[in-house]
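These notes are about the structure you will find just below.
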């Protein structure tokens, strides 16, 4: 019974100490067409589409874009370039023309502001904003803290039982 109590207390402690991180997500869409110099519309093949997606990923996550995002944030949102680049995730969505841009922060408005600046700065010919980020209502919960707390509680409970039996 003592071990079970320690496991439950550890799990509750892990749940309480889980940092509340909000993840805002926005999307860019790669246009599958290209206008040729003769003013003809031409469909891109799969390799050209992937190249355009890769260019968008590199451009958004690039150092120059991160510095611009940092400089355009409101003065109430103080983030360093390292914080932005460390929490900014940009990746193509498999089997689609989308590029997902997400940012994790303890303030939901800051998370959304960074994503919207990132996708707004990169929208260009051939790449359009598909969905802007809104401040998330719920934080992302990590099971790692819950499981870690339960594991520590289990070890503590076993240690107490072993110590008491001596």
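Please treat every number below as a calculation from the coordinates, not as lab data. Here the structure is a predicted model, which is why all the values come from computation and not from measurement. All Cβ positions, even for glycine, are placed from backbone atoms using ideal geometry, and neighbour counts span all protein chains on display.
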Q) In whole percent, what relative contact order does segment 61-164 give with Cα contacts below 8 Å and a gap of six or more residues? A) 19 percent
Q: Let me know the whole percent of all Cα-Cα pairs from segment 20-140 that are separated by more than 19 Å.
A: 47 percent
Q | Footprinting exposure proxy for 27, 163, 103 (fewest neighbouring C-beta atoms within 10 Å first) | A | 163, 27, 103
**Q.** Proxy reagent accessibility, fewest Cβ within 10 Å first, across 28, 154, 79
**A.** 154, 79, 28
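For segment 75-166, what is the per residue volume of the convex hull drawn over the alpha-carbon atoms, in cubic angstrom?
Details: hull volume 15.0 nm³, N = 92.
Per residue, the Cα convex hull of segment 75-166 comes to 164 Å³.
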